[in-house]
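The values are calculated or read from the model by the stated rules, or taken from the named source; none is laboratory data. Worth saying up front: this structure is predicted, and the values here are computed from it rather than measured. Here Cβ is always computed from backbone atoms with ideal geometry, including for glycine, and neighbour counts include all displayed protein chains. What goes into the accessible areas is simple: the full protein's heavy atoms, side chains included, and nothing from ligands, DNA or RNA. Shrake-Rupley method; radii C 1.70, N 1.55, O 1.52, S 1.80 Å.
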Amino acid sequence: MENIIEIKGAKKQYGSGEAAVFALDGVDFSLAEEKICVILGPSGSGKSTLLNMIGGLDSLDAGEITVDGVPITGLGKKALTAYRKRKIGFVFQFYNLIPDLTVEENVQVVAEIAEKPLDTDEILRALDIEKYRYRFPRELSGGQQQRVAIARAMVKNPRLLLCDELTGALDSRSSRSVLRFIEKINREYGTTTLIITHNEAIAGMADTVLHIKDGKIASVEDHDRRLSADEIEL
């Protein structure tokens, strides 16, 4: 199985002089396609910076990032927009749904601009939100809104699904429900998935666990067997 992500010598600095902080300080990392990777680390460790770099939301000061065989380091604004559109699905902690659109419309608006979208009905069924398709975000629970956010990210058929604290605002029951669907998406569509979290229990679901501290990779764990969402203790 080929690597979908290759990172070499990644550095990102904020500030200068004595106030300089290295959000990333010489990170080297690779990840095979169709895997689930959990990124763990305290606040300020650099994990969100790393996710943003892979997602093309920010640029490195030094080093290289290659995704799906394409070096994204140094791409121009237009090329990065095309990269995010074709390759990346983002799921954030606070959903970012459009309040005046229904569930179906929130998903369909992304499908309409994707090159090879999945079927909206199929995604709504897969995430068990078809029955909410005509509801507005304000009429949904937090867990239901998060599933809509996942559906919106998945309908574009991304190579990479990037999740930033996707269970951080949810109770344990809703968290487990959302994680089941992340697991299902990986299994059924082969979508490579990266999850940033403070919850170390979620690491049991991963093929690879990346521990980050002070902008550096502290350790990497590879699991021979990953736990199901129902087996982890939230």
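Between the listed residues Leu124, Ala229, Ile113, the Cα displaced farthest toward the positive end of the dipole of the chain, a dipole computed from Cβ unit charges relative to the Cα centre, is found at Ile113. Here's the list of lysines a cross-link from Lys87 could span, going by alpha-carbon distance under 24 Å and ignoring same-chain residues fewer than 8 apart: Lys8, Lys11, Lys12, Lys35, Lys47, Lys77, Lys78, Lys116, Lys156, Lys184. When you filter the chymotrypsin sites (Phe, Trp or Tyr not before Pro) in the range 86-149 for DSSP loop state and at most 12 other Cβ atoms inside 10 Å of their Cβ, you are left with Tyr134. Rolling a 1.4 Å probe over the protein heavy atoms of the chain, with every protein chain left in place, gives an accessible area that is 46 percent carbon and sulfur. For the chain, the longest principal axis of the alpha carbon atoms and the long axis of helix 77-87 meet at an angle near 50°. For the residues Leu127, Leu162, Leu57, a GNM of the chain with alpha-carbon springs under 10 Å puts the largest fluctuation on Leu57. Over all other residues within a Cβ to Cβ distance under 9 Å of Lys116, the charged ones net out to +1, with Lys and Arg as +1 and Asp and Glu as -1.
The Cα trace of the chain gives Rg and Dmax of 17.4, 56 Å, the first to one decimal, the second as a whole number. Assuming 1.567 mPa s and 4 °C, estimate D for the range 119-234 with Stokes-Einstein, Rh taken as the Kirkwood radius over Cα pairs, in µm²/s. The Stokes-Einstein estimate is 86 µm²/s. Using Cα centres only, tell me the gap between the range 194-216 and the range 66-124 in whole Å. After rounding, the separation between the Cα centres reads 23 Å. Using bins of 10 Å that start at zero, the share of Cα-Cα pairs per bin across the range 18-130 amounts to 10, 35, 34, 18, 3, 0, in whole %.
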